[in-house]
Ligand SMILES: Cc1cc2nc3c(=O)[nH]c(=O)nc-3n(C[C@H](O)[C@H](O)[C@H](O)COP(=O)(O)OP(=O)(O)OC[C@H]3O[C@@H](n4cnc5c(N)ncnc54)[C@H](O)[C@@H]3O)c2cc1C
Ligand SMILES: Cc1cc2nc3c(=O)[nH]c(=O)nc-3n(C[C@H](O)[C@H](O)[C@H](O)COP(=O)(O)OP(=O)(O)OC[C@H]3O[C@@H](n4cnc5c(N)ncnc54)[C@H](O)[C@@H]3O)c2cc1C
């Protein structure tokens with residue numbers, strides 16, 4: 001059983017702060033981390049491998065050379081092998097070009113060890129589109145199952161898995177043929193503490209790094225900025241709401257004014 | 001690619017409990033504006049089993065055409081079957097623009113369709129417009145990296161596609177009896193060729209937090225300092241009979257569950273009254289609540305961006321103001337006899 005997890009390096013949006021005066025983000029203060037959803041994706045691969053008693057977990061990332069850090073982090077969680085595709089040609093990719101590049105790398109990985117399951121995060125916390133996973137699945141022509149909250153059964157003989165997929169007001173249970181692609185929600189598992197041997201292995205681990213030239217049959221016109229149908233047009237500050245008004249006076253005076261404002265809508269209030 | 005061949009604005013119609021989902025009605029409202037600006041027709045694509053009757057609703061809400069794929073194979077949403085229907089429809093009728101709700105179904109379907117077409121797909125759009133002369137879709141979404149929006153364009157491919165957040169567009173008032181054209185379509189799909197089966201759909205009946213349905217929301221941010229401090233939000237919400245909302249930072253700190261998160265990666269809400277306590281007002285938060293009826297913000301930093309997005313603001317310490325508010329509110333309301341409980 002070969003599971004490949006796609007992992008992205010993202011700025012830690014919990015720590016970086018937006019300067020409210022200039023409306024810009026202080027990127028120097030932004031440490032790079034493994035996309036939190038992808039950590040759960042790796043953890044799920046580890047869980048499946050343990051349940052099956054066998055298997056191999058590879059992780060794949062596209063990004064700058066520093067992205068080797070998220071591969072090491074994945075090894076810590078329990079991945080066996082890591083691949084980074086890194087090249088100027090990939091820069092500026094939208095989701096269509098990103099899924100193309102990643103699927104080409106997956107093709108090369110699969111040539112050596114056929115892939116049974118690809119796991120992605122539900123979305124990356126920076127780009128936040130959630131479009132890359134389904135895109136990869138279509139390019140590999142395998143079924144994409146998004147928003148997975150549980151893998152309930154793994155039927156090795158019949159090459160079928162059962163999964164629960166989150167819906168707006170509940171979930172659905174699906175039977176899916178392998179190979180397939182899953183995108184996972186955070187509630188699918190809890191990240192376990194990494195065992196010491198994994199930490200040691202991760203510290204020494206050197207991922208396979210590929211440039212465009214290392215991939216087979218790549219159409220360069222589909223990569224990076226050139227291969228991206230979407231472009232960012234203008235950036236603008238959203239218009240302010242009308243009627244914005246700061247209340248004035250002493251605090252109790254302001255509270256009184258606010259109560260008057262609320263009292264105008266008192267049919268809504270259900271005050272105890 | 002000859003852009004002249006691509007005409008019309010489409011909305012992928014989602015069904016919910018036998019009726020058209022509200023997000024699809026909102027998109028018909030938004031789509032109608034785009035279609036009128038371009039002088040073209042607005043169509044809805046309806047895929048499912050026994051769903052032809054939904055055409056009537058979409059005509060009343062502004063559509064001119066309903067493309068209908070009615071077949072038992074479409075009983076439940078599955079990426080592979082729905083995608084094939086939509087690709088078929090798009091190849092036959094060549095729309096200029098296709099809009100989807102940014103729901104789990106809409107996002108899943110749009111991502112797959114975009115890859116096969118191929119074309120660009122703008123995610124989680126919160127503002128839509130079109131260039132009258134060229135038909136270029138202007139789909140805007142909050143940009144990572146500041147309180148700014150970015151307009152995403154797809155200049156060289158057709159159709160242009162976007163997923164759109166629920167509750168940010170407005171449905172038109174329905175026009176009873178308004179008619180349109182039904183175009184029945186079909187494709188040959190065999191069950192054996194579809195690699196997924198839906199075994200069961202489980203609706204969560206337990207009354208979980210549905211902040212998207214509340215009339216009053218009190219939301220709290222990181223400014224409340226701690227999980228204990230956040231109790232202030234619960235207290236005011238209880239006083240007002242409202243629901244509790246939160247910023248993402250609060251959810252990540254573990255003070256409350258994700259179901260309460262408001263914003264781009266949480267829920268979009270449109271209550272009649274929205275009160276923000278200790279929330280700075282980052283764009284990702286604002287897009288999730290800016291259509292609320294009355295927005296009140298309490299924050300101790302006069303420069304906080306939330307004050308640019310509220311109707312009434314109080315600069316001050318929430319821990320000083322809110323207890324006073326609760327006390328006086330209860331007093332006033334009981335005096336005026338509004339107390340229900
Ligand atoms: C302001 C702004 C707006 C944007 N809007 C759009 C838009 O509307 N449409 C569009 O097509 N692009 C858009 N992009 C570009 C998009 O962010 C990039 O294409 C990005 O490389 C992938 O998208 P994502 O981060 O949304 O990934 P998601 O699709 O959210 O990621 C889902 C999963 O895919 C996998 N994955 C994603 N990227 C990688 C990677 N580099 N390496 C390994 N695995 C990965 C991970 O498992 C991840 O959890 C936008 C970029 C910016 C800056
Ligand atoms: C891709 C992406 C998606 C995101 N999605 C969301 C989302 O869906 N929802 C969301 O909310 N955020 C989202 N964010 C995060 C967003 O950018 C902000 O970081 C977040 O909203 C800030 O939360 P906050 O206002 O609670 O905290 P802060 O920004 O830390 O603000 C705290 C505020 O409290 C005030 N304060 C402090 N003490 C007091 C006091 N005693 N009384 C009154 N006021 C006080 C401070 O002046 C400050 O303005 C997203 C970010 C990214 C990059």
Exercise. Mind checking which of A:62, A:199, A:235 has the largest fluctuation in a GNM of chain A, springs on alpha carbons under 10 Å?
Worked result: A:235
For this session: State, in angstrom, two size descriptors of the protein assembly as shown derived from its alpha carbons: Rg to one decimal place and Dmax to the nearest whole number.
Result: 25.0, 78
Exercise. Label residue B:156 and residue A:88 with points 7 Å out from Cα along Cα→Cβ: what is the distance between them in nm?
Worked result: 1.9 nm
Problem set entry | chain A shape via C-alpha gyration tensor axes, a/c threshold 1.5 | prolate
Exercise. Is the range B:172-234 best put as rounded, prolate or oblate by its Cα gyration tensor, with a ≥ b ≥ c the root eigenvalues, rounded for a/c under 1.5, and otherwise prolate when a/b is larger than b/c, oblate when not?
Worked result: oblate
Exercise. Across peptide B:315-324, how many C-beta atoms of other chains are within 10 Å of each residue C-beta, on average?
Worked result: 3
Problem set entry | Computed [θ] at 222 nm, helices only, for the protein assembly as shown once each DSSP H run of length n ≥ 4 contributes -39500 (n - 2.57) | -8500 deg cm²/dmol
Seminar exercise, completed: Scoring the range B:3-193 by relative contact order with C-alpha pairs under 8 Å, at least six apart, yields a percentage of 28 percent
For this session: Mind pulling the angle between the C-alpha long axis of helix B:104-116 and the longest principal axis of chain B? Nearest 10 degrees, somewhere in 0 to 90.
Result: 40 degrees
Exercise. Does the range B:31-126 classify as rounded, prolate or oblate by the C-alpha gyration tensor (a ≥ b ≥ c root eigenvalues; a/c under 1.5 gives rounded; else a/b over b/c gives prolate, otherwise oblate)?
Worked result: oblate
Exercise. Taking the radius of gyration and the Kirkwood hydrodynamic radius from Cα positions alone, what is the Rg/Rh ratio for the range B:147-304, to two decimal places?
Worked result: 1.10
Problem set entry | Choice from B:192, B:132, B:252 showing the highest fluctuation, given a GNM over chain B with Cα pairs closer than 10 Å | B:192
Seminar exercise, completed: Expressed in Å to one decimal, the Kirkwood Rh of the range B:270-332 from all distinct alpha-carbon pairs is 12.0 Å
Seminar exercise, completed: Quick calc, residue B:252 & residue A:225: beta-carbon distance into FRET formula, R0 45 Å, rounding 0.05, result 0.90
For this session: Determine, for each peptide in B:44-50, B:181-187, the mean count of other beta carbons within 10 angstrom over its residues, then list the peptides with the highest first.
Result: B:44-50, B:181-187
Seminar exercise, completed: To the nearest 10 degrees, the tilt of helix B:318-335 (Cα long axis) against the first principal axis of the alpha carbons of chain B is 90 degrees
For this session: Kindly give the semi-axes, whole Å and largest first, of the ellipsoid equivalent to the range B:3-193, taking each as the square root of 5 times a Cα gyration tensor eigenvalue.
Result: 24, 19, 16
For this session: Calculate how many DSSP beta bridges within the range B:3-193 are antiparallel, expressed in % of all such bridges and rounded to the nearest 5.
Result: 25 percent
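Here, each number is a calculation from the coordinates, and none is a lab measurement. Just so we're clear, the structure is a prediction, and the values are computed from it rather than from any experiment. Neighbour counts run over all protein chains shown; Cβ positions are idealised from the backbone, glycine included.
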